[in-house]
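I'd like to ask some things about the structure below.
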């Protein structure tokens, strides 16, 4: 536990940037999720990688657990201080040491947020494609291997991190990767730390790949007679090599939620929201193809817009999906599911799940990154109602088992945290022992975000 | 060392598929490289993952080192049996359990070769983009994190492996990744095994991403007044987001070698070989842009071809680069370098190296995957001439140090093997200790390809 000598050693160099206030601790005890607030004992606010290292060295000496904290937007309980200890809030580390246009990368401290990066890149001709639906930090996004709507074209954080600086459990500062675009020099520690959820070390700085801003962007939406028809259109689009930038599915329940939220009158049927990027000629070629596939599979309309304001209006429904779903049940708590399956199994996985939702009597509109086979149920629950909570958890569990049986994964982009721990053994089998061996080798004291990612025995 | 009881335990189930013949051992003691032949004591030819597991269990029991072997095309000494032991030749494992068109993947056993895969995919509408210049096995390509000319658009093996089956040092068979396109479920063991050079386990099966065959392919070549001008054109092309499929640089020495080899009359100046893929409209748009950039930087001509036969003829010079270089000095041995630097430093790195080559008096035409910042010196040496060999090694070493000083890597795609061991500490600093900790945790007996990738203390 926290002793006064431990506290004093930290305070000696952190000065005011350490807190045991209940408010501050509480604010660091949960993310955006249904998991119970579990505050740390102390919260610290380092400014530099070297300070993070000094904090880790002191924690290692006293055997104090460490939880790294970005924007607190995790939805699987990654920031819960399950064993107390120190929460390292990285939001002071929001500097951007380098933007390199020739080599097309940007180096950011881990506390830089998605929105901050977007603003910074405005007017440079470059953008960073990976973005979850919230203003997460880049350190948090790397740690959970986040992705979002652009992943179908640009990949996930795993594909867009060139190099990392990280503080390891003994306090050593390491640099992984390089500024070169590829390397075959040794174990890929970058990809090991991306998605490790802070259990192997703390990412303090990231070098991210930049992409050229497309000459033009068009948006489209398209209503389908069935989930199967919408998914078939997505599969065809990808099979034919159309480099579509976004292809999102909203189910009938989600379209109803949106119509109600924004007083719109979209057909309340499975609907694809699409985005195309490229030169005008490229984009118009892509749209012509996708419209052909959509009509082949029975789409009743195919609206597209090229003007920025109209595009934004068209996509508003998709952008507003989360608040629209939340508005179906004011005051309810959100439980978001996150399975990802091979795309050939996606329609069946969604349809079986819709039937399950109906039988369960739970409100759970569906939103899918359909090009990746990844979709979310926006389950709305009354957190006071234990019975309903359990029904929702059971629904989530059946969904995960369905996805695993289809050769999928329990989490496409949210991570394991504590919420998905029960499925790690089922998903990974003997691989889980290899993960445990790596964890034990790198963090023998089990101080780095303990209780996350790896189920305890 | 090998005992008769060890041998009998293997023979009990391998029957004829085990050999101690000096010819067979010798044939497994080297790759395509200047490293001295170092044969294993025994060579085995398993047919299945289960047999590989049984072999590993027996080796673990007797403490016998293991070297996995694919096509034997490594150029950094990956297959040298530095500590003797068993070479596991995986070429019998050349089955293709599944081609999945909807999900766009293929599952192959580790001994399937690049050419075999190409033939298999012919007529399916899909292709696998990663290919080194030789007919390597897919297992070997994954193990060295190989890439090749398509990497500028399609990435490397790290980006194109979805899932793996591997035999770990205790004989356990694990499956990493899944058939889903993305996952945030735990440590990325797939990316850890890709590039691990068989030092953590033996890859026996791979699930690879397939890509749609482009509607059309155009090729182009373009001569430049200087390396700087050629590289500036490549940088501009990538900065502007042109999805070029290949962009290869051959220096003046390489162009001279090609003219001599094939009785051609190309200008003997730095030359880019380009390939464009997409719809006709897309490709013609791309070519127009790249030609504009090339002319801006002083290119004197820009030839392009769309017809398959003409394209092949145009690219013949690039395809023949390796034999053309070898023909400069019949009977010479090849030492290929492999640095990769941030593309902004590439021109300087090449020009400084050309000066160095000239001062050294060594024959070393240059070939570069210029879109990735990766280039190779085709150093031709008389293997009997110790003094010349040392001069060549010194040239390679200066090149590596130059690349590392520029923020690059000692190997872009060939791997560490034994050839690049001296640079691991310099490139990775404290990260090397993390790699060692992982190796020790997973292979505590140090039986998996010992002496490769990690320098001994």
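Inspect segment A:26-40 for any residue being in a loop (DSSP other than H, G, I, E, B), touching a helix residue (DSSP H, G or I) at 6+ places or on another chain (Cβ under 7 Å) and under 13 Å from residue A:86 (Cα atoms) and give the result as yes or no.
yes
If you don't mind, there's one more thing I want to ask. Looking only at segment A:385-396, decide whether some residue is at the interface with chain B (Cβ under 8 Å from one of its Cβ atoms) and more than 30 Å from residue A:348 (Cα to Cα).
No, there is no match, as no residue in segment A:385-396 is at the interface with chain B (Cβ under 8 Å from one of its Cβ atoms) and more than 30 Å from residue A:348 (Cα to Cα).
For residue A:209, which of the numbered conditions (1) more than 19 Å from the chain's Cα centre (by Cα); (2) surrounded by fewer than 24 Cβ atoms within 10 Å (Cβ to Cβ) fails to hold?
Of the numbered conditions (1) more than 19 Å from the chain's Cα centre (by Cα); (2) surrounded by fewer than 24 Cβ atoms within 10 Å (Cβ to Cβ), the odd one out for residue A:209 is (1).
Please enumerate the residues belonging to segment B:286-296 that are more than 14 Å from every other protein chain (Cβ to nearest Cβ) and touching a helix residue (DSSP H, G or I) at 6+ places or on another chain (Cβ under 6 Å).
B:294
On the basis of being at pLDDT 95 or above and within 24 Å of residue B:129 (Cβ to Cβ), does residue B:314 make the cut?
No, not satisfied.
Now a separate question. Which one is nearest to the other protein chains (Cβ to nearest Cβ), of the residues in segment A:89-105 that are buried (at least 23 other Cβ atoms within 10 Å of the Cβ) and under 20 Å from the mean Cα position of the chain (by Cα)?
Residue satisfying both the conditions and the ranking: A:90.
Only one of these is more than 9 Å from chain B (Cβ to nearest Cβ) and more than 30 Å from residue A:56 (Cα to Cα): A:202, A:238, A:244. Name it.
Step by step, each of A:202, A:238, A:244 is checked, and only A:244 is more than 9 Å from chain B (Cβ to nearest Cβ) and more than 30 Å from residue A:56 (Cα to Cα).
Yes/no matrix, rows are residues, columns are (1) within 8 Å of chain B (Cβ to nearest Cβ); (2) surrounded by 24 or more Cβ atoms within 10 Å (Cβ to Cβ):
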residue: A:121; (1), (2): no, no
residue: A:126; (1), (2): no, no
residue: A:132; (1), (2): no, no
residue: A:157; (1), (2): no, yes
residue: A:164; (1), (2): no, yes
residue: A:175; (1), (2): yes, no
residue: A:194; (1), (2): yes, yes
residue: A:197; (1), (2): no, yes
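Then there is this: Kindly indicate whether residue B:68 is surrounded by 19 or more Cβ atoms within 10 Å (Cβ to Cβ), within 20 Å of residue B:420 (Cα to Cα) and touching a strand residue (DSSP E or B) at 6+ places or on another chain (Cβ under 7 Å).
Here the answer is yes, as residue B:68 does meet what is asked.
Output the number of residues of segment A:2-12 satisfying the condition of being loosely packed, with under 15 Cβ neighbours inside 10 Å and in contact with a helix residue (DSSP H, G or I) (Cβ under 9 Å, 6 or more places away or on another chain).
So the answer is 2.
Next up: Identify all residues within segment B:268-285 that are in contact (Cβ under 8 Å) with a residue 60 or more places away in the chain, within 13 Å of another protein chain (Cβ to nearest Cβ) and closer than 30 Å to residue B:257 by Cα; write none if there are none.
Within segment B:268-285, just B:277 meets the criteria.
Residue under question is residue B:75, and the condition is that it be touching a residue at least 24 places away in the same chain (Cβ under 8 Å), within 24 Å of the chain's Cα centre (by Cα) and crowded, with 19+ Cβ neighbours inside 10 Å; does it hold?
Here the answer is yes, as residue B:75 does meet what is asked.
Exactly one of these conditions fails for residue B:415: (1) surrounded by 24 or more Cβ atoms within 10 Å (Cβ to Cβ); (2) touching a strand residue (DSSP E or B) at 6+ places or on another chain (Cβ under 9 Å). Give me its number.
Status for residue B:415: all satisfied but (2).
Here is a follow-up. Residues that are farther than 22 Å from residue A:32 by Cα and in a loop (DSSP other than H, G, I, E, B): does segment A:73-96 have at least one?
Scanning segment A:73-96, I find at least one residue that is farther than 22 Å from residue A:32 by Cα and in a loop (DSSP other than H, G, I, E, B), so the answer is yes.
Of the residues B:147, B:184, which is in contact (Cβ under 8 Å) with a residue 60 or more places away in the chain and more than 18 Å from residue B:93 (Cβ to Cβ)?
After applying the criteria, what remains is B:147.
What single numbered condition from (1) closer than 18 Å to residue A:164 by Cβ; (2) modelled with pLDDT under 95 fails to hold for residue A:30?
Only one criterion in (1) closer than 18 Å to residue A:164 by Cβ; (2) modelled with pLDDT under 95 is unmet by residue A:30, namely (1).
Let me ask you something else. With the checklist (1) within 13 Å of chain A (Cβ to nearest Cβ); (2) surrounded by fewer than 23 Cβ atoms within 10 Å (Cβ to Cβ) in hand, flag the one item residue B:327 doesn't pass.
Single failed check for residue B:327: (1).
Checking the conditions here, which among B:89, B:103, B:41 is in contact (Cβ under 8 Å) with a residue 12 or more places away in the chain and under 30 Å from residue A:347 (Cα atoms)?
B:103
Here's a follow-up. Have a look at A:452, A:439 and point out the one that is part of a helix (DSSP H, G or I) and more than 7 Å from chain B (Cβ to nearest Cβ).
Being part of a helix (DSSP H, G or I) and more than 7 Å from chain B (Cβ to nearest Cβ) holds for just one of A:452, A:439, which is A:439.
Continuing with the same structure: Kindly indicate the residue of segment B:214-239 that is touching a strand residue (DSSP E or B) at 6+ places or on another chain (Cβ under 9 Å) and surrounded by fewer than 17 Cβ atoms within 10 Å (Cβ to Cβ) and also farthest from residue B:303 (Cα to Cα) among those meeting that condition.
By that ranking, first place goes to B:215.
Collect the residues in segment A:205-221 that are over 30 Å from residue A:285 (Cα atoms) and at the interface with chain B (Cβ under 8 Å from one of its Cβ atoms), keeping them in residue-number order.
none
Which one of B:367, B:399, B:380 is touching a strand residue (DSSP E or B) at 6+ places or on another chain (Cβ under 6 Å), away from chain A (no Cβ under 13 Å), crowded, with 17+ Cβ neighbours inside 10 Å and under 28 Å from residue B:155 (Cβ atoms)?
Just one listed residue meets the conditions, B:367.
Another question, if that's okay. Any residue at all in segment A:298-317 that is within 14 Å of chain B (Cβ to nearest Cβ) and either in contact (Cβ under 8 Å) with a residue 60 or more places away in the chain or farther than 22 Å from residue A:372 by Cβ (or both)?
No, because not a single residue in segment A:298-317 is within 14 Å of chain B (Cβ to nearest Cβ) and either in contact (Cβ under 8 Å) with a residue 60 or more places away in the chain or farther than 22 Å from residue A:372 by Cβ (or both).
The values are calculated or read from the model by the stated rules, or taken from the named source; none is laboratory data. Predicted model, so just to flag it, every value in this text is computed and none were measured. Here Cβ is always computed from backbone atoms with ideal geometry, including for glycine, and neighbour counts include all displayed protein chains.
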